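> Here it is, the structure in full.
The values are calculated or read from the model by the stated rules, or taken from the named source; none is laboratory data. Remember, predicted model here, so these are calculated numbers, not experimental data. Note that each Cβ is placed from the backbone with ideal geometry, even for glycine, and that neighbours are counted across all protein chains shown.
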Amino acid sequence: MARILRAEGVDDGAITLEDRSTTTYENIGFARAHLESDEVIIVTDPYHAPRAVMIARRMGLRARADCPPHRASAKARAREGFAYLKLGWWLARGGPSP
């Protein structure tokens, strides 16, 4: 994503990379430490955006997504389907505290 943002003219100083997470929840949680506001734009793949925004909002952020256009592979779409199942399970159990 950073490469795409740079290609679109976004300054390096405006890009913060988070590389410790293994889940979307962790990714948003670690990124929160760098936020100056609770209003965020999540830059991600179009097929992943609805779930990422849902998780961010669940964590108390005012979130929306902006996505570069591209076609996701069948593997990526299948993986996202499983992620929605996991998200449903997580939400049914109350999820971690924000």
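> So Cys67 fits all but one of (1) surrounded by 14 or more Cβ atoms within 10 Å (Cβ to Cβ); (2) modelled with pLDDT under 70; (3) in contact with an Asp or Glu (Cβ under 9 Å, 6 or more places away or on another chain); (4) not charged (D, E, K, R); what number is the exception?
The number of the failed condition is (2).
> When the residues of the range 70-79 are filtered to those that are modelled with pLDDT of 70 or more and of a type in the set (D, E, K, R), which remaining residue is surrounded by the most Cβ atoms within 10 Å (Cβ to Cβ)?
Among those that are modelled with pLDDT of 70 or more and of a type in the set (D, E, K, R), it is Arg79.
> May I ask you to list the residues in the range 1-41 that are assigned to a helix (DSSP H, G or I) and either hydrophobic (A, V, I, L, M, F, W, C) or surrounded by fewer than 12 Cβ atoms within 10 Å (Cβ to Cβ) (or both)?
Ala2, Arg3, Ile4, Leu5, Ala7, Asp12, Gly13, Ala14, Ile28, Phe30, Ala31
> Shifting gears a bit: Of all residues being small (Gly, Ala, Ser) and over 15 Å from the mean Cα position of the chain (by Cα) in the range 5-32, which is nearest to Met59 (Cα to Cα)? Just the residue, please.
It comes out as Ala14.
> Which condition from (1) surrounded by 11 or more Cβ atoms within 10 Å (Cβ to Cβ); (2) touching a Pro at 6+ places or on another chain (Cβ under 9 Å); (3) modelled with pLDDT under 75 is the one that Gly95 breaks?
Checking Gly95 against (1) surrounded by 11 or more Cβ atoms within 10 Å (Cβ to Cβ); (2) touching a Pro at 6+ places or on another chain (Cβ under 9 Å); (3) modelled with pLDDT under 75, the one that fails is (2).
> Continuing with this model, one more query. Could you count how many residues in the range 45-64 are at pLDDT 85 or above and in contact with a Cys (Cβ under 8 Å, 6 or more places away or on another chain)?
Qualifying residue count, the range 45-64: 1.
> Which residue out of Ala31, Ala49, Ala56 is small (Gly, Ala, Ser) and farther than 22 Å from Arg79 by Cα? Talk me through it step by step, then tell me what you get.
Working: Ala49 fails: farther than 22 Å from Arg79 by Cα; Ala56 fails: farther than 22 Å from Arg79 by Cα.
Checking each option against the conditions leaves just Ala31.
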